[in-house]
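Just below is one structure, and these are the notes that go with it.
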Amino acid sequence: MTDHFFTDYLYPMIFATFSTLHTKPTPALVSNGRVYPLPFADMRTVIESGAQESASLASKASFGMDEVKFHAPLHPTTLRDAYAFEQHVKTANQNRGRDVPEEWYKFPIFYYTNPNSIFGPGDEIHYPHYTQALDFELEIAVIIGKGGRDIKPENAPQHIFGYTIFNDWSARDIQREEMKAGLGPAKGKDFASSLGPVIVTGEALADRSVNRPGVYDLTMTAKVNGVEISRGNLKDIFWSFGEIIARASDTCDLLAGDVIGSGTVGTGCLLELTKTQGPWLNEGDVVELEIERIGILKNIIGGKK
């Protein structure tokens, strides 16, 4: 019923939302190639209960990976997206004929996008009728597990429930017009965001830590129609997730279930690779985003709507 997202090794404390032919979407613990249902209504209640407590309640009965369909692991409370990889920022600005604004180096930049247009692995992404320039963006996202305000960067990992793959789909022509007007992006972004296939906790990534809050040595790649066109690494991020969370929580409450994207990794979108001219994605294209230890987030481009 689904692609195999994972390598031969599976680390503990991996969470997902799945269904079978006979069950509705249900949160689960994934371990050793098996999917163990959890007695919670959805992933947000799992997050509010905590990883250790939730995992301890996993069903003894389980499903094989080939028996289930994975969905977006959660529907966020809010969805923010940062702009934190310097290579991407430099290249995108060079392609527009300008330097990186000096303000970018002062503090992490982020924007709010739509938490109600969430897609998961295997879902079809319909081409918005108003664009001729559909693009993918290869990102990693953190899921807030413990709410807070005025969080210090070094304390941010205590507020992270886990990590997932994030595809921040973009209508580049519309985004460009909106931002020329001094606001946005809005309709250039709000039609679709993909998350999944699973949420991996920081404990499962500890051996890949690079001693920056919320940052790990994880290879990130993107394929279109089976051809790799992008390769980067989370460790190259300029603003750590600790710094991003500190900025987002400055005089503002973060809540369990909030999701914050990293921004696009260097080379991680067609805008960057093709000097803003395309070619862009077409109906029928298959986009696969892969991050070590998390898996593959695969979507197909559908017709215009």
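The values are calculated or read from the model by the stated rules, or taken from the named source; none is laboratory data. This one's a predicted model, so the numbers in the text were calculated from it and none came from an experiment. When we count neighbours, we look across all protein chains shown, and the Cβ atoms used for this are built from the backbone with ideal geometry, even at glycine.
Condition first: more than 21 Å from Gln277 (Cβ to Cβ), in the same structural domain as Val286 (by TED's automatic domain parsing), buried (at least 20 other Cβ atoms within 10 Å of the Cβ) and in contact with a strand residue (DSSP E or B) (Cβ under 7 Å, 6 or more places away or on another chain). Can you find one or more residues in segment 167-179 that meet it?
The answer is yes; a qualifying residue exists.
Mind checking which pairs have a first residue in segment 264-282 that is without any contact (Cβ under 8 Å) to a residue 60 or more places away in the chain and a second that is assigned to a loop (DSSP other than H, G, I, E, B), Cβ under 7 Å, 6 or more apart or different chains?
Final answer for the pair search is Leu273/Thr267.
Could you figure out which of (1) surrounded by fewer than 14 Cβ atoms within 10 Å (Cβ to Cβ); (2) within 21 Å of Leu195 (Cα to Cα) isn't true of Leu74?
Leu74 satisfies all of (1) surrounded by fewer than 14 Cβ atoms within 10 Å (Cβ to Cβ); (2) within 21 Å of Leu195 (Cα to Cα) except (1).
Are any residues in segment 156-188 without any contact (Cβ under 8 Å) to a residue 12 or more places away in the chain and assigned to a helix (DSSP H, G or I), and if so, which ones?
Of everything in segment 156-188, those that are without any contact (Cβ under 8 Å) to a residue 12 or more places away in the chain and assigned to a helix (DSSP H, G or I) turn out to be Glu177, Glu178, Met179, Lys180.
Would you confirm, using the coordinates I've provided, whether Phe191 is assigned to a loop (DSSP other than H, G, I, E, B), among the hydrophobic types (A, V, I, L, M, F, W, C), at pLDDT 95 or above and assigned by TED's automatic domain parsing to the domain that holds Ala84? Steps first, answer last, please.
Values: assigned to a loop (DSSP other than H, G, I, E, B): yes; among the hydrophobic types (A, V, I, L, M, F, W, C): yes; at pLDDT 95 or above: yes; assigned by TED's automatic domain parsing to the domain that holds Ala84: yes.
In short, yes.
To keep it simple, each residue is scored yes or no on (1) acidic (Asp, Glu); (2) touching a residue at least 24 places away in the same chain (Cβ under 8 Å); (3) out of contact with any strand residue (DSSP E or B) (no Cβ under 6 Å at 6 or more places or on another chain); (4) part of a helix (DSSP H, G or I).
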site	(1), (2), (3), (4)
Tyr130	no, yes, yes, no
Glu139	yes, yes, no, no
Gly196	no, yes, no, no
Ile199	no, yes, no, no
Glu203	yes, yes, yes, yes
Asp207	yes, no, yes, yes
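Let me confirm something: among Glu124, Glu67, Glu102, which residue is out of contact with any helix residue (DSSP H, G or I) (no Cβ under 9 Å at 6 or more places or on another chain), among the acidic types (Asp, Glu), surrounded by fewer than 18 Cβ atoms within 10 Å (Cβ to Cβ) and without any contact (Cβ under 8 Å) to a residue 40 or more places away in the chain?
Just one listed residue meets the conditions, Glu102.
If Gly214 satisfies every condition in (1) at positive phi; (2) of a type in the set (Gly, Ala, Ser); (3) assigned to a strand (DSSP E or B) but one, which is the exception?
Of everything listed in (1) at positive phi; (2) of a type in the set (Gly, Ala, Ser); (3) assigned to a strand (DSSP E or B), Gly214 misses just condition (3).
Could you say which residue among Thr267, Thr251, Thr221 is modelled with pLDDT of 95 or more and closer than 21 Å to Phe70 by Cβ?
Thr221
Please verify whether Tyr163 is under 25 Å from Lys235 (Cβ atoms), at pLDDT 95 or above and not hydrophobic (A, V, I, L, M, F, W, C), treating the condition exactly as stated.
Considered against the rule, which asks whether it is under 25 Å from Lys235 (Cβ atoms), at pLDDT 95 or above and not hydrophobic (A, V, I, L, M, F, W, C), Tyr163 comes out as yes.
Scan segment 283-305 for residues that are at positive phi and in contact (Cβ under 8 Å) with a residue 60 or more places away in the chain and jot them down.
Arg293, Gly295
Can you say whether Ala204 is touching an Asp or Glu at 6+ places or on another chain (Cβ under 8 Å) and not polar (S, T, N, Q), as far as the supplied structure shows?
Answer is no for this residue.
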